[in-house]
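Report on the following structure.
The values are calculated or read from the model by the stated rules, or taken from the named source; none is laboratory data. As the structure is a prediction and not an experimental result, all values here were calculated from the model. FYI the Cβ positions are ideal-geometry reconstructions off the backbone, even for glycines, and counts take in every protein chain you see. The accessibility values were calculated without ligands, DNA or RNA, using every heavy atom of the protein model including side chains. Shrake-Rupley method; radii C 1.70, N 1.55, O 1.52, S 1.80 Å.
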Amino acid sequence: QVQLVESGGDLVQAGGSLRLSCVGFGSISRFNVMAWYRQVPGKQRELVAVMFRGGSTNYPDSVKGRFTISRDSAKNTLYLQMNSLKPEDTGVYYCKANDNAEHWGQGTQVTVSS
């Protein structure tokens, strides 16, 4: 059973920073892809950062240059560093990991006030 647990969400002012963490119970090195998504009520979950097993990353234009995805395999942890936060970054942030199945965490709330 794969378990992913996110943390680090908070209320922050626009322009501020947060770092989200996603701890995997078990080695995260086995995952082909790990990613962060966010969701706001009434909208589909959207991808905000993805990291492939080889270490390459990709971001949508909306967060490029502000968000950075990284991992510490020794700690079985995926991170999302978020800088220059905007009110439109508000949402529940989810960690996702893929091996031969898709696994999601429970989410952590990020609220950016203007």
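For beta carbons closer than 6 Å, sequence separation of 6+ or different chains, a first residue in segment 20-43 that is under 21 Å from G8 (Cα atoms) and in a strand (DSSP E or B) and a second that is acidic (D, E) and open to solvent by less than 40 Å² (accessible area, probe 1.4 Å), the qualifying pairs are C22/E6.
The residue of segment 1-17 that is surrounded by the fewest Cβ atoms within 10 Å (Cβ to Cβ), among those that are among the hydrophobic types (A, V, I, L, M, F, W, C) and touching a Phe, Trp or Tyr at 6+ places or on another chain (Cβ under 9 Å), is V5.
Condition check: over 18 Å from A97 (Cα atoms) and in contact with a Leu (Cβ under 8 Å, 6 or more places away or on another chain). Does S7 satisfy that? The answer is no for S7. Of everything in segment 85-113 that is modelled with pLDDT of 95 or more and open to solvent by 60 Å² or more (accessible area, probe 1.4 Å), the residue that is farthest from Q1 (Cα to Cα) is K86.
Within segment 20-40, the set of residues being at pLDDT below 90 and open to solvent by 40 Å² or more (accessible area, probe 1.4 Å) comprises F25, S27, S29, R30.
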